[in-house]
Amino acid sequence: VQLHACGGGLVQPGGSLRLSCAASRIFFSIYTMNWYRQPPGKQRELVATITSGSITNYTDSVKGRFTISRDNPKSTVYLQMNSLKPEDTAVYYCNAINRFTSIWGQGTLVTVSS
């Protein structure tokens with residue numbers, strides 16, 4: 001079972017990035033998918049969630065700027081990040097969870113700086 005996250009990089013404030021997380025060897029469509037982030041020197045926090053029924057939820061600091069989506073045939077979850085701010089700088093992790101298990105990807109670094 002693997003989650004492979006990619007799409008991070010260096011972007012200027014106000015810019016956009018799209019993160020992707022591809023899952024393999026899981027029945028993707030039944031999992032709730034989460035994006036977490038861990039800023040430098042801080043604890044990991046939940047950023048966005050999309051359920052198996054495509055209900056979404058966001059932490060307040062990213063509402064209106066980030067959009068989580070999923071493509072079940074491709075076993076992939078996305079995080080579209082717009083209007084990025086320096087405080088969005090973090091390692092972003094994808095997470096697949098159901099009532100029995102929680103699976104983590106390896107993380108992708110997003111740096112927002114001029």
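Being within 15 Å of the chain's Cα centre (by Cα), within 20 Å of Ile30 (Cα to Cα) and crowded, with 21+ Cβ neighbours inside 10 Å is a condition met by no residue of the range 51-64. Selection of the range 74-97 for residues being of a type outside the set (A, V, I, L, M, F, W, C) and within 20 Å of Thr32 (Cβ to Cβ) yields Lys74, Ser75, Thr76, Tyr78, Gln80, Tyr92, Tyr93, Asn95.
Listed here are the residues, each with its yes/no results for (1) within 17 Å of Gln106 (Cβ to Cβ); (2) modelled with pLDDT under 95; (3) polar (S, T, N, Q); (4) open to solvent by less than 60 Å² (accessible area, probe 1.4 Å).
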{"residue": "Ala5", "(1), (2), (3), (4)": "yes, yes, no, yes"}
{"residue": "Gly9", "(1), (2), (3), (4)": "yes, no, no, yes"}
{"residue": "Gly14", "(1), (2), (3), (4)": "no, no, no, yes"}
{"residue": "Leu19", "(1), (2), (3), (4)": "yes, no, no, yes"}
{"residue": "Ile26", "(1), (2), (3), (4)": "yes, yes, no, yes"}
{"residue": "Met33", "(1), (2), (3), (4)": "yes, no, no, yes"}
{"residue": "Lys42", "(1), (2), (3), (4)": "no, no, no, no"}
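The number of residues in the range 99-114 being touching a strand residue (DSSP E or B) at 6+ places or on another chain (Cβ under 7 Å) and not in a strand (DSSP E or B) comes to 4. In the range 75-98, is there at least one residue being open to solvent by less than 20 Å² (accessible area, probe 1.4 Å), closer than 15 Å to Cys6 by Cβ and in contact with a Gly (Cβ under 6 Å, 6 or more places away or on another chain)? Looking through the range 75-98, at least one residue is open to solvent by less than 20 Å² (accessible area, probe 1.4 Å), closer than 15 Å to Cys6 by Cβ and in contact with a Gly (Cβ under 6 Å, 6 or more places away or on another chain).
The values are calculated or read from the model by the stated rules, or taken from the named source; none is laboratory data. Predicted model only: the values in this text are computed from it and were never measured. So basically every Cβ, Gly included, is an ideal-geometry build from the backbone, and we count neighbours across all protein chains shown. Ligands, DNA and RNA are excluded from the accessible area calculation, which covers all protein heavy atoms including side chains. Shrake-Rupley method; radii C 1.70, N 1.55, O 1.52, S 1.80 Å.
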